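Since the structure comes first, as structure tokens, the remarks are kept for the end.
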Amino acid sequence: MNAARFDLFANPVSRKLFGHLNGAGKVLTDSSLPHTTQELVKIRASQINGCGFCTDMHTKDATAAGETPTRLNLIAAWREATVFTDAERAALALTEEGTRLADSPTGVSDGTWAAAAEHYDEDQLAALISLIAVINAYNRFNVIVRQPAGSYEPGMFG
């Protein structure tokens, strides 16, 4: 497999930035937003953005946390799948619209926002919005440098 165009882990500027992003990620992991929902959001945004590295990582992390193969295999087709809760579906819709901002002149629709607000309290919404932003940032780093996918092992980043 080809190496990444740029070693984000060796460069002092990107390493320092990742330290801050990882700190933000820890805040989100420790939030009251359900862990299962967090992994679904990370996987769906990563699929949309074509980030193989993050798709690999979060699919493996979700599997290690007990997520089922059926649910993992249906994330990209969540609208047609019956295996997700209404709350998870609302989070996935918000993830899609929040990731594909350029696809709509209004960004996230009022209906999508209302569905998310119906299922999540203010702290959970804050975590959900932040998670969507953070995973999109990670996706962009990895896609830009063409970070290879497939070698991630759960827990390898701490």
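The values are calculated or read from the model by the stated rules, or taken from the named source; none is laboratory data. Values in this document were obtained by computation on a predicted structure and should not be read as measured data. As a convention, Cβ positions derive from the backbone with ideal geometry for all residues, glycine included, and neighbour counts pool all protein chains shown. Accessible surface is based on the protein model in full, side chains and every heavy atom, while ligands, DNA and RNA are left aside. Shrake-Rupley method; radii C 1.70, N 1.55, O 1.52, S 1.80 Å.
Looking only at the range 11-41, how many residues end up being open to solvent by less than 40 Å² (accessible area, probe 1.4 Å), assigned to a helix (DSSP H, G or I) and closer than 20 Å to Ala87 by Cα?
Within the range 11-41, residues that are open to solvent by less than 40 Å² (accessible area, probe 1.4 Å), assigned to a helix (DSSP H, G or I) and closer than 20 Å to Ala87 by Cα number 6.
Look at the range 76-87 and say how many of its residues are within 19 Å of His58 (Cα to Cα), in contact (Cβ under 8 Å) with a residue 12 or more places away in the chain and either open to solvent by 20 Å² or more (accessible area, probe 1.4 Å) or of a type in the set (Val, Ile, Thr) (or both).
Number of matching residues: 2.
Being of a type in the set (Asp, Glu), open to solvent by less than 50 Å² (accessible area, probe 1.4 Å) and out of contact with any Ser or Thr (no Cβ under 6 Å at 6 or more places or on another chain) narrows it down to one of Glu122, Glu153, Glu96, Glu118, so name that one.
Unique residue meeting the criteria: Glu96.
Return yes or no: is Arg44 closer than 20 Å to Glu97 by Cα, assigned to a helix (DSSP H, G or I) and free of Cβ contacts under 8 Å to residues at least 60 places away in the same chain?
Spelling it out, Arg44 is indeed closer than 20 Å to Glu97 by Cα, assigned to a helix (DSSP H, G or I) and free of Cβ contacts under 8 Å to residues at least 60 places away in the same chain.
Which one is farthest from Phe157 (Cα to Cα), of the residues in the range 47-75 that are free of Cβ contacts under 8 Å to residues at least 40 places away in the same chain and loosely packed, with under 14 Cβ neighbours inside 10 Å?
Thr70
State yes or no: is Ala90 touching a His at 6+ places or on another chain (Cβ under 6 Å) and more than 24 Å from Val145 (Cβ to Cβ)?
yes
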